[in-house]
Amino acid sequence: MSHTFSTNPLNVNMNMVSMTTLTRPQKPNSCFSSSSTFLPHCNIQTLRFLPHRSLLRLNKNNCYKWKHSMFISTKPLLKDGTLSVNGQEAITGVPDNVFLTPLSDSSAFLGATSSQSSSRHVFKLGVIQGVRLLSLFRFKVWWMIPRVGNSGSDIPIETQMLLLEARKGPDLDKSNDSPSYIIFLPLLDGEFRSSLQGNSSNELEFCLESGDPAIVTSESMRAVFVNYGNHPFDLMKESMKILEEQTGTFSVRETKQMPGILDVFGWCTWDAFYQEVNPQGIKDGLKSLSEGGTPAKFLIIDDGWQDTTNEFQKEGEPFIDGSQFGGRLVSVEENSKFRKTSNESQADAPNDLKHFVADIKRNFGLKYVYVWHALLGYWGGLVPNARDTKKYNPKLTYPLQSPGNLANMRDLAMDCMEKYGVGAIDPARISQFYDDLHSYLVSQDVDGVKVDVQNILETIATDLGGRVSLTRHFQEALEKSIASNFQDNSIICCMGLSTDSIYHSKRSAITRASDDYYPKNPATQTLHIAAVAFNSIFLGEVVVPDWDMFYSLHDAAEFHAIARAVGGCPVYVSDKPGEHDHKILKRLVLPDGSVLRAKYPGRPSRDCLFIDPVMDGKSLLKIWNLNKCTGVIGVFNCQGAGSWPCMDNTNQNHVSNSAEVSGQVSPADVEYFEEVSGKLWTGDCAIYSFNKGSVSRLPKEEKFGVGLRTLECDVFTVSPIKVYYQRIEFAPIGLMNMYNSGGAIESVEQCGDPSSYNGSIHIKGRGAGCFGGYSSVKPKGCSINGEEEEMKYGEEDKLVTVTIDASNNSGWDMDIWY
């Protein structure tokens, strides 16, 4: 087929500024996006007929001139109704209204057009089948969970990340060739948000919606990002960096300022008191944690401190479940529990919030005090026309959920807000509201905030420009206020796992990664751990995933504690005062209240990416991470305790709570191990099992067996064995009394002539307890901070142990002599 091109062969509207065509007025004379150098934001409907090694694009100097541009590679390629990536079929039966816009050698945008303009479209992309896949989808308006499958029909509505395993062999599970991976990320395009879903015909679809009937389009050319790679975690990282550059709307995690709370132990008041939080209870809790040797250094005063009113809760009437979500904010100040009033019943209250914060910081050594508030102030927003809120022009609005949310799991809070309405702050006044609230909190010596209920915006976007625009506006105002008022990027985001929020996270560095911790529900404990680990594959590239609080005195306490130890996340509990398991806490928290946080977000090992560790009845969940000098692997049996929501559980492989599930663990499960192995590495690793207290030596690619019952877990420190002084093979384990033992090690180096046969190994670290290390040769002695210390050595397991006193907790220098 031959083509001739005129100066404007497609009759393209050269005034288009976005790949989505809005009915609202457009900026004139602009046909290029600042975020794309490959295509004008025009509907180039002849893309599928162009030679596959070339692309037509506009000359930026003259929007009416066309020129040829050669590409290095043919991948991804959309040809004859098949989307191929790296020569492998990814989607077949692609409709004619679907278009591919190449972006790089391995990536592209997918989009589609319709003959009709609407605020919501569902476009078919084609058939996916016979491939292992992982979806991360919103099962509630606020939260994501994973689902695995083999075809398009296994992809849930509201999928926000889709990962495919591409193998050439016919056996999906046991093909010997190394797999490659294809990722699909639905995006924000102009004023529209995309999400993925499958149908009963195994077709992949994307849903495009604005959340406002007045914001309509007939097309989106950047609806879905597609990328390919041989390493799943590299692929995710590189994809998010590309999107960061292309969109300019968010920043990746590694570029953000990390709040100080990440490296100290904390306590949240929520599950200790719920909305009955009070000053004396907070003091009691801080006291009992400190007296047990695990002092909290950051505190979150959760819901219950604010000045609110609730017309749906009448004194003397029975409590109606859910009515708490009808409460509205009266002012930005604290309520009478935290401020003295003329009411004699409040005689024990502090003078004000500032005096209370100063008191607990002084008496309990707190470094950070955060308080909770909702994105709109409170669950039900602001009281309209109240003296202290009318300047923000709140309007009673009744939320409306999208069909995608309604197709999954209902949520009590959302249902009640739909019923009671929300006092929504005027977008023109939201910056003033945040600045007033946060500047007041700073005046009370509060250090930061946890901002909840963030996804509410998508449900109130009608007549406000749509969900994407409204979220962008509020997120920019929120982050600007945080930066202006607080000193430490001091915000925890919560109930915000929609891509509307994720792709507008420019500064916020911590986001809750799962549904709530439910201490009274035994069926959710394993789901919680699995959900956060899988969600972190996607979320962890933008923020530090927050695994939420937990009870240290609980049947699943150690399960949660080890997950936090390998999660690279904030570590905080919500124990009731005096109800603590200090034995567990002391394996997480050092005597000075600091924690041994791993470097990265904890994520499932590569061989766990496409298995269901909750319901397949046979698989353990492995979560990997790195420290400065070692790797760490947490292994969890999540089978037999609960079932994923939004699934037909009739096919669940039930496992008895007492039945043991077995699996294989390898040092190779730790990704990026080359960051800690270095040039002196022998290729072997020292493996320390916390449960067994034993050390073994293993080549990196070898495996060992692990058997665990439901809600059992273990954590393995993986330390590279290196050659020092030509003959000594050594690997630090760290503090063997801590779950993440290797997190205590800051550096290891030889202090002598490397060509000699004798010398010392110098180790910097922190924390107190039993230090351990693998040594092929028995050392002659050991010193800590220049003082010689007693050392033990096991001839059989080659384990060196030294006790480090609590007086050296803040830091120590160890020398082991040979």
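The values are calculated or read from the model by the stated rules, or taken from the named source; none is laboratory data. Owing to the predicted nature of the structure, the values given are computational and were not obtained by experimental measurement. Positions of Cβ are generated from backbone atoms using ideal geometry, with glycine treated the same way; all protein chains shown enter the neighbour counts. Note: areas computed on protein heavy atoms with side chains; ligands, DNA, RNA excluded. Shrake-Rupley method; radii C 1.70, N 1.55, O 1.52, S 1.80 Å.
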Quick one: in region 90-119, which of the residues that are under 23 Å from Ala461 (Cβ atoms) and outside any loop (DSSP other than H, G, I, E, B) is most open to solvent (accessible area, probe 1.4 Å)? Gln116
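Answer yes or no: is there a residue in region 258-279 that is among the charged types (D, E, K, R), closer than 21 Å to Tyr434 by Cα, in contact with a Lys or Arg (Cβ under 8 Å, 6 or more places away or on another chain) and touching a residue at least 24 places away in the same chain (Cβ under 8 Å).
No: zero hits.
One line per residue, one yes/no per condition, for (1) within 26 Å of Arg120 (Cβ to Cβ); (2) surrounded by 22 or more Cβ atoms within 10 Å (Cβ to Cβ); (3) within 20 Å of the chain's Cα centre (by Cα):
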position	(1), (2), (3)
Lys419	yes, no, no
Ala428	no, no, no
Asp447	no, yes, no
His473	yes, no, no
Based on this model, can you work out whether Asp607 counts as touching a residue at least 12 places away in the same chain (Cβ under 8 Å) and not in a loop (DSSP other than H, G, I, E, B)? yes
Only one residue in Val715, Val695 is under 22 Å from Leu620 (Cα atoms), of a type outside the set (S, T, N, Q) and over 28 Å from the mean Cα position of the chain (by Cα), so which one is that? Val695
When region 212-226 is checked residue by residue, the ones that are open to solvent by less than 10 Å² (accessible area, probe 1.4 Å) and assigned to a loop (DSSP other than H, G, I, E, B) are Asp212, Ile215
Taking region 775-810 as the search range and keeping residues that are open to solvent by less than 40 Å² (accessible area, probe 1.4 Å) and in contact (Cβ under 8 Å) with a residue 60 or more places away in the chain, which one is farthest from Cys685 (Cα to Cα)? Asn809
Tell me which of these Val122 doesn't satisfy, since it passes every other one: (1) open to solvent by 30 Å² or more (accessible area, probe 1.4 Å); (2) of a type outside the set (Ser, Thr, Tyr); (3) within 25 Å of the chain's Cα centre (by Cα). (3)
Can you report the number of residues in region 466-500 which are in contact (Cβ under 8 Å) with a residue 60 or more places away in the chain and not in a helix (DSSP H, G or I)? 10
Which listed residue, of Gly773, Gly752, Gly743, is of a type in the set (Gly, Ala, Ser), at pLDDT 95 or above and outside any strand (DSSP E or B): Gly743
Being touching a Pro at 6+ places or on another chain (Cβ under 9 Å) and among the polar types (S, T, N, Q) is the requirement here; does Ser666 meet it? no
Residue pairs, Cβ under 6 Å, 6 or more apart or interchain, first in region 700-711 and free of Cβ contacts under 8 Å to residues at least 40 places away in the same chain, second open to solvent by 50 Å² or more (accessible area, probe 1.4 Å) and assigned to a strand (DSSP E or B). List them. Lys703/Gln664
Give the residues of region 266-317 that are outside any loop (DSSP other than H, G, I, E, B), open to solvent by less than 60 Å² (accessible area, probe 1.4 Å) and of a type in the set (A, V, I, L, M, F, W, C), sorted by residue number. Trp267, Cys268, Ala272, Phe273, Ile282, Leu286, Leu289, Phe298, Leu299, Ile300, Ile301
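Conditions tested, residue by residue: (1) touching a helix residue (DSSP H, G or I) at 6+ places or on another chain (Cβ under 6 Å); (2) of a type in the set (A, V, I, L, M, F, W, C); (3) closer than 13 Å to Thr630 by Cα.
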residue	(1), (2), (3)
Met738	no, yes, no
Glu749	no, no, no
Tyr757	no, no, no
Cys770	no, yes, no
Gly773	no, no, yes
Ser776	no, no, no
Within region 171-195, take every residue that is at pLDDT 95 or above and not in a strand (DSSP E or B) and give me the one that is least open to solvent (accessible area, probe 1.4 Å). Leu187
Selected residue (criterion: modelled with the lowest pLDDT) from residues of region 318-346 that are open to solvent by 90 Å² or more (accessible area, probe 1.4 Å) and not in a helix (DSSP H, G or I): Ser342
Exactly one condition in (1) in contact with a Phe, Trp or Tyr (Cβ under 9 Å, 6 or more places away or on another chain); (2) closer than 30 Å to Glu89 by Cα; (3) among the basic types (Lys, Arg) is not met by Lys237; state its number. (1)
In this structure, is Thr397 closer than 30 Å to Arg120 by Cβ, touching a Ser or Thr at 6+ places or on another chain (Cβ under 9 Å), surrounded by 13 or more Cβ atoms within 10 Å (Cβ to Cβ) and among the polar types (S, T, N, Q)? yes
Tally up the residues in region 690-717 that are surrounded by fewer than 17 Cβ atoms within 10 Å (Cβ to Cβ), in contact with an Asp or Glu (Cβ under 8 Å, 6 or more places away or on another chain) and not in a loop (DSSP other than H, G, I, E, B), please. 4
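Condition check ((1) open to solvent by 10 Å² or more (accessible area, probe 1.4 Å); (2) in contact with a helix residue (DSSP H, G or I) (Cβ under 9 Å, 6 or more places away or on another chain)) across all residues:
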{"residue": "Ile482", "(1), (2)": "no, yes"}
{"residue": "Ile492", "(1), (2)": "no, yes"}
{"residue": "Met495", "(1), (2)": "yes, yes"}
{"residue": "Ile510", "(1), (2)": "no, yes"}
{"residue": "Ser514", "(1), (2)": "no, yes"}
{"residue": "Tyr518", "(1), (2)": "yes, yes"}
{"residue": "Ala523", "(1), (2)": "yes, no"}
{"residue": "Ala530", "(1), (2)": "no, no"}
Residue identified as small (Gly, Ala, Ser), open to solvent by 10 Å² or more (accessible area, probe 1.4 Å) and under 22 Å from Arg709 (Cα atoms) among Gly617, Gly567: Gly617
